[in-house]
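Data block below; observations after.
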2 protein chains.
Amino acid sequence: MEFSSKLLENAVYEMSQLPGIGKRTALRLVLHLLKQSERQTEQLSSALTVLRSTVRFCTNCHNISDTELCEICANPKRDGTLVCVVEDIRDVMAIENTGQYRGKYHVLGGKISPMEGIGPQDLTIASLVNKVKQGEINELIFALSSTMEGDTTNFYIFKQIEGLEVRTSTIARGIAVGDELEYADEVTLGRSILNRVPFEGSLRTN
Amino acid sequence: MEFSSKLLENAVYEMSQLPGIGKRTALRLVLHLLKQSERQTEQLSSALTVLRSTVRFCTNCHNISDTELCEICANPKRDGTLVCVVEDIRDVMAIENTGQYRGKYHVLGGKISPMEGIGPQDLTIASLVNKVKQGEINELIFALSSTMEGDTTNFYIFKQIEGLEVRTSTIARGIAVGDELEYADEVTLGRSILNRVPFEGSLRTN
């Protein structure tokens, strides 16, 4: 791409560094900003830089937070003995949206992935193991994605806390509510039969 | 979406103001920036604000430019008597990429669209008519998109310069090179037959 302006080229280059944004999309976005008021660009830039430079993570669960303890960890009504282990803050948001969970979280910040050069020391596993050792947690719920990396991470943590007094569980895998059986993949369908629940249990809504 | 941090929410909100970027994509992009070095966010922000605050448009063709006259307008080898009228700077880039065009451009900045509240006064039509009136242009090539809005804009400009000494043409519409006839739409195929060119002409490559 030949640009008529170095400033434009630079802005498009920086924009195209974002994941999933190619050069053409970046150009479209930058030209859109040029058509809007200068204030909009300033607001976008400052929102990003302020977030990036002052971002804080909850010292307990490692979720992004504006305060030392995030709202969930600071909430005395949440059950601190039940901890849900997730990869990412998006998973926290997804689970919170269900309104079904009253425990706390632990955000790992990713999963073990040798292919991407992410080892256990890059995640917040040590801090999780520490919390378990202090004996205040009764149950850990693993809610990582069911991929090779997710399973590896689950297993690594499981090994680290072996022998400590804590129950572990993983979220149920099965056919999604509203899905047709005939379109489900075999692994999911197989697991949903193995892990069937008593009929009365399936009627619970919370 | 419930955010654990106001700063995060604000950054996601600003990002989702960009066209084609929803809340989820915005969150993904912002979280990506948080995983990168602080410098990357700074570079993105400053590239955008610098561009937006110091952007200049070529005084002749209204293309984005770092100088008063853009490189194309300032180039004495380009034929100033031939002017290609386009909507957008992306169209200039697309035509420049072909390497086939040695004339200059006139960037309208959009097309007349009553639905979006864009009238002739929002575009650089007056400046184009002025240039034509000065009598230095022999031919205007309309290269707008062949939509209702594009046709309206073409016609509006055509009416404005009626009676002035200038030839007008539009780019050829037809079957794209490499396309199969059977998949072409009727309008395009019909036009490509009406506007057929002598066989020797079709062998020209520049």
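Modelled spin labels at B:MET1 and B:ILE175, positioned 7 Å past Cα toward Cβ, are 4.7 nm from each other.
Averaged over the residues of peptide A:18-28, the number of Cβ atoms from other protein chains lying within 10 Å of each residue's Cβ is 4.
Using a Gaussian network model of chain B in which every pair of alpha carbons under 10 angstrom is joined by a spring, one finds that among B:THR153, B:THR54, B:THR168 the greatest mean-square fluctuation is at B:THR54.
Cross-link partners for B:LYS133 among the lysines, with Cα-Cα distance under 26 Å and sequence neighbours closer than 8 places in the same chain left out: B:LYS77, B:LYS104, B:LYS111, B:LYS159. For segment A:78-171, rounded, prolate or oblate, judged on the Cα gyration tensor with a ≥ b ≥ c (square roots of eigenvalues), a/c < 1.5 rounded, else prolate if a/b > b/c? Oblate is the answer for segment A:78-171, as a/c is 1.5 or above yet b/c matches or exceeds a/b. Per-residue ellipticity at 222 nm computed for the protein assembly as shown from its helices equals -12500 deg cm²/dmol, with DSSP H segments shorter than 4 residues left out and the rest contributing -39,500 (n - 2.57).
Report the longest stretch of chain B that contains none of the GluC sites (Glu not before Pro) sitting in a DSSP loop with at most 11 other Cβ atoms within 10 Å. Before the final figure, lay out the partial values.
Values: sites that count: B:GLU2, B:GLU136, B:GLU162, B:GLU165, B:GLU180, B:GLU200.
Segment B:3-135 is the longest.
When chain B is treated as a Gaussian network with alpha carbon springs shorter than 10 Å, the biggest mean-square fluctuation among B:LEU108, B:LEU27, B:LEU82 belongs to B:LEU27.
Might you report the magnitude of the Cβ-based charge dipole of the protein assembly as shown about its Cα centre, with Lys and Arg at +1 and Asp and Glu at -1, to the nearest 20 debye?
Dipole size: approximately 660 debye.
Which Cα, out of A:GLN100, A:SER37, B:PHE199, lies furthest along the positive dipole direction of the protein assembly as shown (beta carbon charges, K/R +1, D/E -1)? With unit charges placed on the Cβ atoms, the residue in question is A:SER37.
So how far, in whole Å, is the C-alpha centre of segment A:36-50 from the one of segment A:132-206? Each part's Cα centre sits 42 Å from the other's.
Of the trypsin sites (Lys or Arg not before Pro) found in segment B:2-107, those that fall in a DSSP loop while having at most 12 other beta-carbon atoms within 10 Å are B:LYS77, B:ARG102. Using Cα atoms only, what is the angle between the long axis of helix A:23-35 and the major principal axis of chain A, expressed in degrees (0 to 90) to the nearest 10? In chain A, helix A:23-35 runs at an angle near 60 degrees to the longest axis.
The calculated FRET efficiency for A:ARG196 paired with A:THR59, based on their beta-carbon distance and R0 = 30 Å, is about 0.15.
Is the shape of segment A:6-54 rounded, prolate or oblate, going by the alpha carbon gyration tensor and its root eigenvalues a ≥ b ≥ c, with a/c under 1.5 for rounded and a/b larger than b/c for prolate? Display every interim value, and only then the final one.
Working: a/c = 2.03, a/b = 1.25, b/c = 1.63.
Oblate, because a/c is 1.5 or more while a/b does not exceed b/c.
Every read-out reported here was derived from the displayed coordinates using simple, explicitly stated rules and does not represent laboratory data. In this text, all values refer to a predicted model and were calculated from it rather than measured experimentally. Here the Cβ is made from the backbone with ideal geometry for all residues, glycine too, and neighbour counts use every protein chain on show.
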